[in-house]
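Contents: one structure, followed by commentary.
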Amino acid sequence: MKLVKPLATLGMASAILLSASNIAFADTTSTASFTLKASEGGESGAATIDEISAIEFGEKTLSDKEETYTAINPLLMKVSDTRGTGEGWALNAKITKFVKENDTSVELRGSVLTIAQGEVTSPSGSASEKPTAAKNVVLNDEEHTLFAGRRDQGLGTWLNTVSASGVTLKVPNGNKAGKYTATISYVLAAAPQS
């Protein structure tokens with residue numbers, strides 16, 4: 001019996017050595033796939049205005065000279081483009097005249113609202129190329145671009161933050177006392193912008 005054990009061990013070692021000699025070494029590859037489907041949107045696709053903040057200037061005292069006032073809050077403009085096409089978009093705005101709240105026949109004559117260039121960030125961490133914020137836009141009754149994702153820019157969610165000091169209202173002297181308001185209309189043009 002003592003002879004059988006060493007022979008059995010020797011036989012197992014030979015079998016292991018023989019098995020190891022039958023292994024072939026080769027390189028191989030495999031693939032990983034992933035499909036990213038564009039969001040289904042409404043009439044203009046899934047390019048949307050998610051948020052626009054109101055602009056407040058507070059209460060000021062009549063002056064005997066022209067004054068330029070700064071807003072008391074920042075202007076936030078948030079846009080999302082989940083179409084997945086890279087077509088581009090532009091956030092445009094226009095403003096009505098400032099009129100007296102209780103008598104719309106009285107205008108804040110000569111007033112000019114200006115929006116400086118904001119800081120563009122992606123709250124969702126978009127990997128897309130950053131869209132562009134326009135510099136020193138004077139709003140009037142014609143549309144002006146404030147924020148734009150050119151072709152292959154601005155995919156995902158983007159925020160343009162204009163500091164309170166970057167939103168100004170110039171008011172000449174000679175206006176009547178009262179609370180004045182204006183309406184700013186924002187339009188998202190979901191088309192390439194060159």
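The values are calculated or read from the model by the stated rules, or taken from the named source; none is laboratory data. Keep in mind it's a predicted model, so treat the numbers as computed, not measured. The area values use the complete protein model at the heavy-atom level, side chains included, leaving out ligands, DNA and RNA. Shrake-Rupley method; radii C 1.70, N 1.55, O 1.52, S 1.80 Å.
Of the solvent-accessible surface of the range 61-138, computed with a 1.4 Å probe and all protein chains present, 47% belongs to carbon and sulfur. Hydrodynamic analysis of the range 136-194 uses the Kirkwood radius over alpha carbon pairs. Inserted into Stokes-Einstein at 37 °C and 0.692 mPa s, it gives a translational diffusion coefficient of 221 µm²/s. On a per residue basis, the range 87-194 carries 52 Å² of accessible surface, using protein heavy atoms and a 1.4 Å probe.
Separation of the alpha carbons by more than 29 angstrom is noted, of LYS130/LYS179; LYS60/LYS135; LYS100/LYS130; LYS78/LYS176; LYS130/LYS170; LYS135/LYS170, for LYS130/LYS179; LYS100/LYS130; LYS78/LYS176; LYS130/LYS170.
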